[in-house]
Amino acid sequence: MKIAFVGKGGSGKTTLSSLFIRHLATTGSQVVAVDADINQHLGAALGLDEDVAAELPAMGARLPLIKDYLRGSNPRIASADTMIKTTPPGEGSRLLRVGENNPVYDACARLVELDGGAVRLMVTGPFTEADLGVACYHSKTGAVELCLNHLVDGRGEYVVVDMTAGSDSFASGLFTRFDMTFLVAEPTRKGISVYRQYKEYAQDFGVALKVVGNKVRGDDDADLDFLRSEVGDDLLVTVGQSDWVRAMEKGRPPRFELLEEPNRSALRALQAAADATYEARDWERYTHQMVHFHQKNAQSWGNEKTGADLASQIDPGFVLQESVTATA
């Protein structure tokens, strides 16, 4: 299952995504975690030292390798140089599986040991001074989008992406690449502003969206009433203050089993909501959306940048699905 955590800056989405990843690890599930936020904090939230987290291999810096591998023997793609972030797979493309070993994971992923097991962690890489004036962060998250376009995941497999804050993902089709999007919102007007943007944009694309209320005071019904009045049935669970989280943020997390039971229950509810989307999967629609955004990007900038007709990369008979066999 492909799962995104979104929300405004400071909402707690990185903390909650890290807790969810830790929870999944305790279930023995295969997990790929991706830090796609402009502020790269997921590694530290998963317990890595700051220096170690800063040395994680950046997907954005390894984009040529990613493109070359995913291209495979697809005859519709003349060269890896003509691939852009929205390039869809076709006959001959190499696909990614969550639990496999492949050159993309070898180059970009690192194993992170957690209480309940281990997960693969991948990072886009930070926005640096060298990028100022010559690049935008969307060029870095493009590596994530390209990988998701070529990813085949099954029941009980999870890809969890900590997205960049706000509504920046709408600059591409990245927001449609997920089975479930969890929007983390504080019980304030600013806290639900991103929710309104996501709801407006996502509803035309069938994006599954649930709200996780964060920093909700258990002794104040007004917080819960406010969230319910603003987001209605989209409110899935709320998460309150946590001594475990405060210890984690100081770099001294207790064993994960000691996380407060109300918060553990909330994490189980998140997993149940994500798992419930499995039966509703529509791979044809997923592939159609992929093609839709590729055509838009090709017309607006891709053709000019690559000097190629990128619409010709589309394989009209190809549908990404679990039964597709990847090229060796």
Could you pull out the residue among 238, 287 that is in a helix (DSSP H, G or I) and among the hydroxyl-bearing types (Ser, Thr, Tyr)? 287
Matching residues in the stretch 20-33 - criterion: being farther than 13 Å from residue 113 by Cα and open to solvent by less than 10 Å² (accessible area, probe 1.4 Å): 20
Filter the stretch 249-272 down to the residues that are open to solvent by less than 20 Å² (accessible area, probe 1.4 Å) and hydrophobic (A, V, I, L, M, F, W, C) and list them by number. 256, 259, 266, 267, 270
Residue 309 passes all but one of (1) touching a residue at least 24 places away in the same chain (Cβ under 8 Å); (2) among the charged types (D, E, K, R); (3) under 19 Å from residue 91 (Cβ atoms); which number fails? (1)
Could you list, in sequence order, the residues of the stretch 41-78 that are outside any helix (DSSP H, G or I), farther than 26 Å from residue 252 by Cα and open to solvent by less than 40 Å² (accessible area, probe 1.4 Å)? 58, 59, 72, 74, 77
Among the residues of the stretch 79-111, the number that are open to solvent by 40 Å² or more (accessible area, probe 1.4 Å) and aliphatic (A, V, I, L, M) is 1
Looking at residue 114 and the list (1) within 19 Å of residue 14 (Cβ to Cβ); (2) modelled with pLDDT of 90 or more; (3) within 18 Å of the chain's Cα centre (by Cα); (4) open to solvent by 10 Å² or more (accessible area, probe 1.4 Å), which single condition is not satisfied? (3)
Pairs under 6 Å by beta carbon, first residue free of Cβ contacts under 8 Å to residues at least 60 places away in the same chain and of a type in the set (Asp, Glu) in the stretch 224-252, partner open to solvent by less than 100 Å² (accessible area, probe 1.4 Å) and assigned to a helix (DSSP H, G or I), six or more apart or different chains? 230/192
I need a count of the residues in the stretch 181-203 that are assigned to a loop (DSSP other than H, G, I, E, B) and either of a type in the set (Asp, Glu) or open to solvent by less than 10 Å² (accessible area, probe 1.4 Å) (or both). 1
Where residues in the stretch 294-328 are in contact with an Asp or Glu (Cβ under 9 Å, 6 or more places away or on another chain) and assigned to a helix (DSSP H, G or I), which of them is nearest to residue 20 (Cα to Cα)? 298
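The values are calculated or read from the model by the stated rules, or taken from the named source; none is laboratory data. Treat the numbers as computed from the prediction; the structure is a model and nothing was measured. FYI the Cβ positions are ideal-geometry reconstructions off the backbone, even for glycines, and counts take in every protein chain you see. For accessibility, only protein heavy atoms count, side chains too; no ligands or nucleic acids. Shrake-Rupley method; radii C 1.70, N 1.55, O 1.52, S 1.80 Å.
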